Amino acid sequence: MLSFGLGTPSIGSWTCRKDGMLVVTQIFAIYVPTTDAINHPLTVPSPPPPVDLFLLQHNRATSLFAVTDADTLTRIESRNRPYDPTQDPTDPNGGVLRPLNTNVVVYKRLVAPDADLLAP
């Protein structure tokens, strides 16, 4: 995480619509590495190593899914709303609404077998 930054795990909720579609909203934060500029002046020939993390933004992602079958969800569209670190990502009117993403993505159920647990 200190080398490249990272998003936190997503938390959220979903709503089953009367038309059989599923609306999922997730909130997560994005952190990026930062350096200690006091101990590493800009004259250093190579970039100083990262020493801490900086909250870059919160993000609220809302997606529309079709339930294809019992083991498959198909994301039909999604939209992100980034928030600066001082804003509340639970505010549905805050942040900046990004363009609609209509790239279709298929998600298959991950079947959890217990075979690995029973192996010697």
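What to note about this one:
- Checking each residue in segment 74-120 for being under 20 Å from R60 (Cα atoms) and among the aliphatic types (A, V, I, L, M) picks out I76, V96, L97, L100, V104, V105.
- Any chance T90 is in contact (Cβ under 8 Å) with a residue 12 or more places away in the chain and assigned to a strand (DSSP E or B): no
- Scanning segment 13-28 for residues that are in a strand (DSSP E or B) and either under 13 Å from F65 (Cβ atoms) or at pLDDT below 95 (or both) returns W14, T15, C16, M21, L22, V23, V24, T25, Q26.
- V96 being modelled with pLDDT of 95 or more and farther than 18 Å from G12 by Cα: yes
- Tally, over segment 48-104, of residues that are touching an Asp or Glu at 6+ places or on another chain (Cβ under 8 Å) and either loosely packed, with under 15 Cβ neighbours inside 10 Å or among the polar types (S, T, N, Q) (or both): 8
- Unmet requirement for R81, which otherwise passes all of (1) under 30 Å from A112 (Cα atoms); (2) in a strand (DSSP E or B); (3) at pLDDT 95 or above; (4) of a type outside the set (F, W, Y): (1)
Okay, residues lined up against (1) basic (K, R); (2) within 16 Å of G12 (Cβ to Cβ):
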{"position": "N59", "(1), (2)": "no, yes"}
{"position": "R75", "(1), (2)": "yes, yes"}
{"position": "Q87", "(1), (2)": "no, no"}
{"position": "N101", "(1), (2)": "no, no"}
{"position": "A115", "(1), (2)": "no, no"}
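The values are calculated or read from the model by the stated rules, or taken from the named source; none is laboratory data. Quick caveat, the model's predicted, so the values are computed rather than measured. Neighbour counts are summed over all protein chains in view; Cβ atoms, including those assigned to glycine, are modelled from backbone coordinates with ideal geometry.
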